[in-house]
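J.: What follows is a single structure, and I will ask about it in a moment.
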Amino acid sequence: MTDRYAVFGNPISHSKSPLIHGIFANETQQVLEYEAILAPKDDFESCLKLFWFENGKGANVTVPFKEQAFNLCDELSEEAKLAGSVNTLTLLTNGKVRGDNTDGLGLVADLIRNISSLEGKRVLLLGAGGAARGSVLPLLKAGLKVCIHNRTQEKAEKLVEIFTPFGDVKALSIAELIGPFDIIINSTSSSLSGDIPAIPSCVIGADTLCYDMMYSKELTSFNSWALDLGAIKAIDGLGMLVGQAAKSFELWRGVTPEVDTTIKLLREKIESE
Ligand code: ATR
């Protein structure tokens, strides 16, 4: 029986994961199936159990099940423990389930694709929700100095409390946003509604690289704002999406897929939609 993999979410029909993992499987000559599964909002657990029973070997988890997935794991990676959420589940040979969070790792991999060195650079992370929390440890491990700014300051301070033992991380109020920063990452959901986080333009200098975790056919509102203010480069989250998938694939299959061609193919697909 062919090894099965899937992404669980609700909604899920928009997911690019089956396409990405299909490309990875072809390229690495791995024989597997990867599908999108719409789990009922109130019954993710039994849906997942059935999947394991029917030869499921690994799963990606997306909104709104990442925290539930975290609670269902027998073992957790350090990234998942600190993120408090899981996007990758692996059924181990002893029947236990391991949880990883590869979102932040995918982000860092994509930053490295775009800038040669991250070590010692100062990054402004906008937002303090799930997406931000999943990124902080990998950013710190990459040697970045992380400043978190969130509309609701207390949430940024909570993240700082969690991550202080792991590196140079602080919360900055709007008055403390004195730039420019080397890198600015937008993890807020503001781009979804075409908004931009309320931050002063001085955070952007001629060498600032801006990164929006969201991706879209057109320039995101945040990236458009950043380029207008003279940022050297503005990147959207498509590379992060492919990057997190590559880390999941590597965990499941023990082989590392090549991401550049996949990002290019996906970009072409999005632009033709
Ligand atoms: P996710 O899992 O995508 O991170 P989330 O946990 O709901 O989603 O977090 C959303 C983040 O986007 C929060 O940091 C939120 O700020 P608050 O904590 O103040 O709510 C931020 N956010 C959403 N819309 C925003 C906007 N228009 N401007 C600034 N920040 C915004």
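J.: Which shape class applies to the chain: rounded if a/c is under 1.5, otherwise prolate when a/b exceeds b/c and oblate if not, where a ≥ b ≥ c are the square roots of the Cα gyration tensor eigenvalues?
T.: prolate
J.: Of the listed peptides 100-107, 160-167, 33-40, what is their order by residue-averaged count of other C-beta atoms within 10 Å, with the highest listed first?
T.: 100-107, 33-40, 160-167
J.: Sort SER190, SER272, SER135 so that the residue with the fewest other Cβ atoms within 10 Å of its own Cβ comes first and the one with the most comes last.
T.: SER272, SER190, SER135
J.: Nearest-5 percent of antiparallel DSSP beta bridges in the chain?
T.: 15
J.: Here is a further query. How many angstrom lie between the Cα centre of segment 201-249 and the Cα centre of segment 39-67?
T.: One Cα centre to the other: 31 Å.
J.: Rank the residues MET240, MET214 as a footprinting-exposure proxy: fewest other Cβ atoms within 10 Å of their Cβ go first.
T.: Exposure proxy ranking, most exposed first: MET214, MET240.
J.: Enumerate the helices in the chain for which the Kyte-Doolittle hydropathy averages -0.5 or more and the C-alpha atoms extend at least 15 Å along the helix's axis, using complete DSSP H runs.
T.: 17-28, 103-114, 130-141, 153-163, 238-253
J.: Another one. Return ILE263, ILE148, ILE196 ranked ascending by Cβ neighbour count within 10 Å, so the fewest neighbours appear first.
T.: ILE196, ILE263, ILE148
J.: Another one. Return the calculated 222 nm mean residue ellipticity for the chain, to the nearest 500 deg cm²/dmol, obtained by summing -39500 (n - 2.57) across DSSP H runs with n ≥ 4 and dividing by the residue count.
T.: -11500 deg cm²/dmol
J.: Can you pull the percent of Cα pairs in segment 201-268 with separation above 14 Å?
T.: 63
J.: Just need the Rg to Rh number for segment 64-190, please, alpha carbons only, Kirkwood Rh.
T.: 1.00
Coordinate-derived values only; no laboratory data. What you see is a predicted model; the values in this text were computed from it and never measured. In this analysis, Cβ positions are derived from the backbone assuming ideal geometry, glycine residues included, and neighbour counts consider all displayed protein chains.
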